[in-house]
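In what follows, a single structure is set out as structure tokens and then discussed.
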Amino acid sequence: MLNKFTSLTLNISASIAISLVASAVQAQPFRSAEPGERVHRYQIQIGEQIETANIEICFEGKAPEYLSIESKRGNRDLIKYPQSKQGRIEIQGRYWKTKFLPNNACLDYSVSLKRHHAKRTKESKSRKNIAYIETNTWLWLPETSKEQVDISLSFELPKWASISAPWQRTQLSKKEFLMGPQPQDWGYTLLIGDFEHKMSPISPGHYLNIATMRELPKKDKIISWLTNTAQSLENYLGDYPTAQTQIIVIAKTKMKQGPVPWGDFSRGNGFGIRFVIVPGYDIQEFYNDWTVTHEFSHQLLPKIHYDDIWLSEGLSSYLQYVLMGQSGILQKDKAWHRIYKGLQRGEKGTKKVTAEPLKETSGRRKSGGRSGRTMRIYWSGALYFLQADLALRQQSEGKVGLNQILLKLNRCCINGEKIWRGQALANKLDQLSETKIFGILYRDFSNSEKFPKYQSTFKQLGIAFSNTNESNSKVPNSKSLKLKIKQDSFADKIMDAASK
């Protein structure tokens, strides 16, 4: 997650040619369960005022041993406890023992959604009720499954209501979804109520699932901005990471931290991104903001263990400006300038706190020195991927870059329930790249108590510095810093290349 309150001025620009695209597997935008897979079907009826949900669950074949819910509040919000005409169900707090039900049994229950109602604001005076669900207090799911079982959810809503979910929509015209394999407790947002919803196409097989409030000014331009950003990520990778990404846009008129003061990324049951925007800004200011490219880039890595979040935040910090440079929003020299200044902030933040290995920084951030440690986490990770990108290009004489390895990672390892340790991810990237680059860099970075040196990296990229106010300074470090990129250098190719 990034926000302007931490003054992270990140930016990235990316457009890298990929020869692997010819073998790309096209995503299916509206998928059904695979042949032979079992499907447990949920029929969900939402009340007229979005205050209740009546839910019927029909199991295909054997029922799970237990249904469970992540929040203890689930029991408090029950209106009707589960019942089945086919057999008994034992209630054990947050767990319902369903193992005694026969094959193909059904059960039903009812739950209140009042807890999740969003408050009315000045930006939403005319809207009807909206349920804004971030914690699951209403949907009981199989606790575990040793077999491959899909969860299908079909909604019956009031005529005026829309739904936005991170789950994969099975048909454009129906409110039917298949849950993704990621655990729900990884975080997700579900909206039900009076808002506008649009499936905006990125490319064949790929969509943004965008939810906006009805009163949002410049709505069409905002949707185009988000879609264009998704397309820049697709150009970088050579294929968009997933068939559907949920986007929720929240307008706040009084915030003063730029056009996009806050954004975050979630993975529960699918990929979802929330943005708080200040709609009064000119649309070009939205394109110039780094937050959207940062959050979109989180889709390129699997879920990372908290101790190693410098990798996930680092990749997004590196790519946030690469994407902006490749798409032409930033000139190439300005994109590299912003990356360089970000690394300077990371170095400065590292010096502000007690010396500690990078692998311990995330855990210690809660105890103090948050600002300095945040800068170190984001920009150490950015330098890790920058140096890996450079090393890949040097070893392959410019034929292979980081984007090609991330494309391979996307096809094998992004989805699923695994939380990756940094060393395991580095090993996987080494395997996919047939190098030892990522593992060596990971050991060096994670064990270091200092911010790694980066001036020589820029020299190898083909970037020369000049400093008009401090001509004798060996380390450029002022607002008058200027960059010059050599033609056909690695820096030039990183910013120019676009996947075809």
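The values are calculated or read from the model by the stated rules, or taken from the named source; none is laboratory data. Just so we're clear, the structure is a prediction, and the values are computed from it rather than from any experiment. Note that we place each Cβ from the backbone using ideal geometry, even for glycine, and neighbour counts take in every protein chain shown.
Yes/no matrix, rows are residues, columns are (1) farther than 30 Å from Arg345 by Cα; (2) in the same structural domain as His116 (by TED's automatic domain parsing); (3) modelled with pLDDT of 90 or more:
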residue	(1), (2), (3)
Ile16	no, no, no
Ala22	yes, no, no
Phe59	yes, yes, yes
Ser68	yes, yes, yes
Leu78	yes, yes, yes
Tyr81	yes, yes, yes
Lys85	yes, yes, yes
Completion exercise
Within region 189-199, the residues that are in contact with a Ser or Thr (Cβ under 6 Å, 6 or more places away or on another chain) and either assigned by TED's automatic domain parsing to the domain that holds Ala161 or surrounded by fewer than 16 Cβ atoms within 10 Å (Cβ to Cβ) (or both) are His197
Practice task
Would you be able to say whether some residue in region 369-376 is farther than 30 Å from Gln326 by Cα and either touching a residue at least 24 places away in the same chain (Cβ under 8 Å) or in the same structural domain as Ser312 (by TED's automatic domain parsing) (or both)?
Solution key: yes
Exercise for the section: List every residue pair whose Cβ atoms lie under 7 Å apart, where the two residues are 6 or more positions apart in sequence or sit on different chains, the first residue falls within region 218-237 and is assigned by TED's automatic domain parsing to the domain that holds Asn410, and the second residue, located anywhere, is aromatic (Phe, Trp, Tyr) and part of a helix (DSSP H, G or I). Expected result: Trp225/Phe286; Trp225/Tyr287; Thr229/Phe296; Ala230/Phe296; Leu233/Phe296
Exercise for the section: Tell me which of these Cys412 doesn't satisfy, since it passes every other one: (1) loosely packed, with under 14 Cβ neighbours inside 10 Å; (2) free of Cβ contacts under 8 Å to residues at least 12 places away in the same chain. Expected result: (2)
Practice task
Can you give me the number of residues within region 204-226 that are over 15 Å from the mean Cα position of the chain (by Cα) and either surrounded by 16 or more Cβ atoms within 10 Å (Cβ to Cβ) or at pLDDT 95 or above (or both)?
Solution key: 15
Handout entry: Residues located in region 245-260, provided they are at pLDDT 95 or above and more than 14 Å from Pro217 (Cβ to Cβ)
Key = Thr245, Gln246, Ile247, Ile248, Val260
Handout entry: Every pair of residues 6+ apart whose Cβ atoms lie under 7 Å, when the first sits in region 82-96 and is at positive phi and touching a residue at least 24 places away in the same chain (Cβ under 8 Å) while the second is among the polar types (S, T, N, Q) and surrounded by 12 or more Cβ atoms within 10 Å (Cβ to Cβ)
Key = none
Handout entry: Pick from region 442-461, criterion of a type in the set (Gly, Ala, Ser) and surrounded by fewer than 18 Cβ atoms within 10 Å (Cβ to Cβ), ranking: farthest from Gln487 (Cα to Cα)
Key = Ser448
Exercise for the section: Might you check whether a residue that is surrounded by fewer than 15 Cβ atoms within 10 Å (Cβ to Cβ) and not in a helix (DSSP H, G or I) occurs anywhere in region 378-394? Expected result: no
